[in-house]
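Structure record follows, encoded as structure tokens.
The values are calculated or read from the model by the stated rules, or taken from the named source; none is laboratory data. Computed from a prediction, not measured in an experiment: that's the story for all the values here. Ideal geometry is used to build each Cβ from the backbone, glycine not excepted, and the neighbour counts take in all protein chains shown. What goes into the accessible areas is simple: the full protein's heavy atoms, side chains included, and nothing from ligands, DNA or RNA. Shrake-Rupley method; radii C 1.70, N 1.55, O 1.52, S 1.80 Å.
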Amino acid sequence: MMYHVIRCPGCLNFTYVDPYQHWKLCHICGEVIDVMRAPVYLEAIDHQDAEKVVCQLQDFLDDTGKEDLDESEKSRLRSEYTRWVRSRIE
């Protein structure tokens, strides 16, 4: 099962959901997230990968002082994750 890495619209922290969830309660601010409206940053192959990505994305934004990833960073994130997954399989 794939997990979607999304962002809470209330507190802007990253979290993840399974693709069948319609709602997610943010563990930081308590916002009820409409999963269908939340932009998907990445599709991770399991919840462990999703959790790692969530932590790394938050650390990246904290370290750079950015508010969000731009489209090229999102594309690079997806590409690097795909390459990493492929390297684990080979």
| said: Can you tell me which residue is nearest to Val54 (Cα to Cα) among those in the stretch 11-27 that are part of a loop (DSSP other than H, G, I, E, B) and in contact with a strand residue (DSSP E or B) (Cβ under 8 Å, 6 or more places away or on another chain)? | reply: Asn13
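Conditions (1) surrounded by 19 or more Cβ atoms within 10 Å (Cβ to Cβ); (2) without any contact (Cβ under 8 Å) to a residue 24 or more places away in the chain; (3) within 19 Å of Ser79 (Cα to Cα), marked per residue:
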{"residue": "Met2", "(1), (2), (3)": "no, no, yes"}
{"residue": "Tyr16", "(1), (2), (3)": "yes, no, yes"}
{"residue": "Gln21", "(1), (2), (3)": "no, yes, no"}
{"residue": "Cys29", "(1), (2), (3)": "no, yes, no"}
{"residue": "Val40", "(1), (2), (3)": "no, no, yes"}
{"residue": "Asp46", "(1), (2), (3)": "no, no, yes"}
{"residue": "Lys52", "(1), (2), (3)": "no, yes, yes"}
| remark: Scanning the stretch 21-51 residue by residue, the ones that are farther than 13 Å from Arg7 by Cα and touching a helix residue (DSSP H, G or I) at 6+ places or on another chain (Cβ under 7 Å) total 2
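Which members of the stretch 67-79 meet the condition of being acidic (Asp, Glu) and open to solvent by less than 100 Å² (accessible area, probe 1.4 Å)? Give the steps one after another, and end with the answer.
Within the stretch 67-79, the first condition is being acidic (Asp, Glu), and the residues that meet it are 67-68, 70-71, 73.
Hits for the stretch 67-79 are Asp68, Asp70, Glu73.
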| request: Sort out which residues of the stretch 54-63 are open to solvent by less than 70 Å² (accessible area, probe 1.4 Å) and either among the β-branched types (Val, Ile, Thr) or under 12 Å from the mean Cα position of the chain (by Cα) (or both), and write them in order of number. | output: Val54, Cys55, Leu57, Gln58
